[in-house]
Amino acid sequence: MHYHNEDSQKLADAIITYSVERVRLDPPPLDAPKPLSVLQRDVGQTITPEGLGAMEALRIFTEQLAPACISVDHPLFLSFVPGAPTESSVLFDLVVAASNVYAGSWLEGAGAVYAENQALQWISGLAGMPSTAGGVFVSGGTAGNLSALIAARWQWRQRTKGAMNRARPIIIASGGAHSSIGLAANAMDADLVTAPVDEGGRLTAASVHATFRALSPDDRARVCAVVATAGTTNLGVIDELDGIGSFAHEHDVWFHVDGAYGAAALCARSVRHLFGGIELADSFIVDPHKWLFGPYDCCALIYRDVRIGKAAHTQKAEYLDVLIQDAATSLDEAYNPADLAHHLTRRARGLPFWFSLATHGTEAYEEAMEITLQVTRDAADMVRASSHLELVVEPSLSIIVVRRKGWQPEDYRRWSDRMLHEGTAFVVPTTHKGETVLRMCLVNPRTDPVQMQMLFDSMLVSPR
Ligand SMILES: *Cc1c(COP(=O)(O)O)cnc(C)c1O
């Protein structure tokens, strides 16, 4: 199985043909999950002593398994945060796999790391980070937030010169922060202190100040980080970044900005002003696999001072010593990505995003971003103009939350199930302040306003 032969050539042709056809589909089939019993019946056991042979295994994937997965790049996949990778990024992902690059160290992956770092620099520049900034692509926002907060803790213990080495850190975050912040606090055995949000779901500097003041002096000394969100996952709300950043600097507390979804819009002129203050961040993240048109799995983690990320995360082991010396030689781009997060081995997961960015240029990204923002504005206008729908909140980025007047939770569920099983759209009900509503997140430039109108019209009749 390690040698090329006629069969593997046939497989190569089949894989290229399938891949090219799949990326070309506009729209791709929406598809839907199947119950386990159905997959057991239709697919059965695939792992056998003799093997199925490549063409049969590929057939099972393309005919049975792939259709049992929802296509996140369908233009009416509007649940959670969808993806909308460019053709070039997806095709280049095949090249990344074929190239077998270990992208954890400069020694092994210099070329890949060089290119990834240019993509990171673009993001870092959009946020107004200084030249000391640098970072790494990790698997997702969850991994990015954890790694950033570990660096925050390292810095806090460093700054307090050992006095806090045995103390539990406190992380201040908003009630609207993503669940991964709580998960990180849990993994770090840190106490998460929640600062209340305002009416619109926004964390303000006043709330952070009040939360901090309410702590005992001992607890205040334990605060190692404050986390703001640049585009909450539920509503797209951007916290008061400048005020919270100033608070953090005043109190010598690490300022982390979670922009996993929203910070992608830093490249869009029409909304750039909403992110004022992100330049104060000690670290921030954004997921290219969400709204920067890259495939899974890819999160950009940026540190204001890359040396802190490195000090907090570098693993020490005899077999790695050669890498440490290599990395110590310079502070420019020649650092080891493995040293900047909670990981070691990593694929060059930033390369598909880099390739697309290098291919199309940054202006194309800005344009695609503005298109999704404009479709969101158009869709919000459609809701305002309708008699059966209402906006639950005013959209600030590309999330709209809609109430269908008179619907009960089961009406939303039935409509949502019908849309999925007809292959029309994937929009799941969510709750906002206890009320069942629909949330739609638009990140795909191929989502067109006509389709959005059709979707809204399909809610005129109640499903029974
Ligand atoms: C999606 C999201 C995350 C988690 O990112 P993953 O890539 O799914 O791990 C964290 N924070 C925010 C604000 C998000 O929207």
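A few remarks follow.
- Restricting segment 234-291 to residues that are touching a Leu at 6+ places or on another chain (Cβ under 8 Å) and of a type in the set (S, T, N, Q), the residue that is least open to solvent (accessible area, probe 1.4 Å) is Ser283.
- Residues (assigned to a loop (DSSP other than H, G, I, E, B) and over 12 Å from Leu455 (Cβ atoms)) located in segment 378-406: Ser387, His388, Val392, Val393, Glu394, Pro395, Ser396, Leu397, Ser398, Lys405, Gly406
- The set of residues from segment 1-46 being hydrophobic (A, V, I, L, M, F, W, C), part of a loop (DSSP other than H, G, I, E, B), open to solvent by less than 100 Å² (accessible area, probe 1.4 Å) and free of Cβ contacts under 8 Å to residues at least 40 places away in the same chain comprises Leu25, Val43.
- Considering segment 433-464, and only residues there that are modelled with pLDDT under 95 and of a type in the set (Lys, Arg), the residue that is farthest from Glu366 (Cα to Cα) turns out to be Arg464.
- Residue satisfying all of: in segment 407-449; touching a helix residue (DSSP H, G or I) at 6+ places or on another chain (Cβ under 7 Å) and in a strand (DSSP E or B); farthest from Leu373 (Cα to Cα) among these: Thr436
- Residues that are surrounded by fewer than 19 Cβ atoms within 10 Å (Cβ to Cβ), part of a helix (DSSP H, G or I), polar (S, T, N, Q) and away from the ligand (no atom under 16 Å from the Cβ), drawn from segment 137-191: Gln158
- Selection from segment 321-355 of residues that are among the hydrophobic types (A, V, I, L, M, F, W, C), at pLDDT below 95 and surrounded by 18 or more Cβ atoms within 10 Å (Cβ to Cβ): Leu323, Ala327
- In segment 244-272, of all residues being part of a helix (DSSP H, G or I) and within 30 Å of Arg157 (Cα to Cα), the one that is farthest from the ligand (Cβ to nearest atom) corresponds to Glu250.
- Residue in segment 223-233 that is open to solvent by less than 60 Å² (accessible area, probe 1.4 Å) and more than 25 Å from the chain's Cα centre (by Cα) present: yes
- Considering residues of segment 396-408 that are open to solvent by less than 50 Å² (accessible area, probe 1.4 Å) and at pLDDT 95 or above only, the residue nearest to Leu266 (Cα to Cα): Leu397
- Any hit, segment 221-240, residues being hydroxyl-bearing (Ser, Thr, Tyr), over 24 Å from Gly125 (Cβ atoms) and more than 16 Å from the ligand (Cβ to nearest atom): no
- Candidates are the residues of segment 196-219 that are in a helix (DSSP H, G or I) and touching a residue at least 24 places away in the same chain (Cβ under 8 Å); the one that is nearest to Ser396 (Cα to Cα) is Ala205.
- Residue check, Thr424 within 23 Å of the chain's Cα centre (by Cα) and open to solvent by 30 Å² or more (accessible area, probe 1.4 Å): no
- Scanning segment 358-377 turns up one or more residues that are of a type in the set (S, T, N, Q), more than 16 Å from the ligand (Cβ to nearest atom), closer than 16 Å to Ala119 by Cβ and modelled with pLDDT of 95 or more.
- Condition met for Ser179 (within 25 Å of Ser398 (Cα to Cα), small (Gly, Ala, Ser) and touching a residue at least 60 places away in the same chain (Cβ under 8 Å)): no
- Considering Met440, Met419, Met459, Met452, the condition of being touching a Leu at 6+ places or on another chain (Cβ under 9 Å), open to solvent by less than 10 Å² (accessible area, probe 1.4 Å) and farther than 24 Å from Trp291 by Cβ is satisfied by Met459 alone.
- Scanning segment 296-312 for residues that are surrounded by 22 or more Cβ atoms within 10 Å (Cβ to Cβ) and either within 16 Å of the ligand (Cβ to nearest atom) or among the acidic types (Asp, Glu) (or both) returns Cys298, Cys299, Ala300, Leu301, Ile302.
- Scan segment 164-200 for residues that are of a type in the set (Gly, Ala, Ser) and modelled with pLDDT under 95 and the total you get is 3.
- Among the conditions (1) under 24 Å from Gly83 (Cα atoms); (2) surrounded by fewer than 21 Cβ atoms within 10 Å (Cβ to Cβ), the only one that Glu435 does not satisfy is (1).
- Val383 being more than 30 Å from Ile302 (Cα to Cα) and in contact with a helix residue (DSSP H, G or I) (Cβ under 7 Å, 6 or more places away or on another chain): yes
- Some residue of segment 123-131 being within 16 Å of the ligand (Cβ to nearest atom), part of a helix (DSSP H, G or I) and out of contact with any Ser or Thr (no Cβ under 8 Å at 6 or more places or on another chain): yes
- Selection count where residues are among the basic types (Lys, Arg) and over 18 Å from Leu91 (Cβ atoms), scope segment 1-33: 1
The values are calculated or read from the model by the stated rules, or taken from the named source; none is laboratory data. Treat the numbers as computed from the prediction; the structure is a model and nothing was measured. As a convention, Cβ positions derive from the backbone with ideal geometry for all residues, glycine included, and neighbour counts pool all protein chains shown. Just the protein is used for accessible areas: all its heavy atoms, side chains included, with ligands, DNA and RNA removed. Shrake-Rupley method; radii C 1.70, N 1.55, O 1.52, S 1.80 Å.
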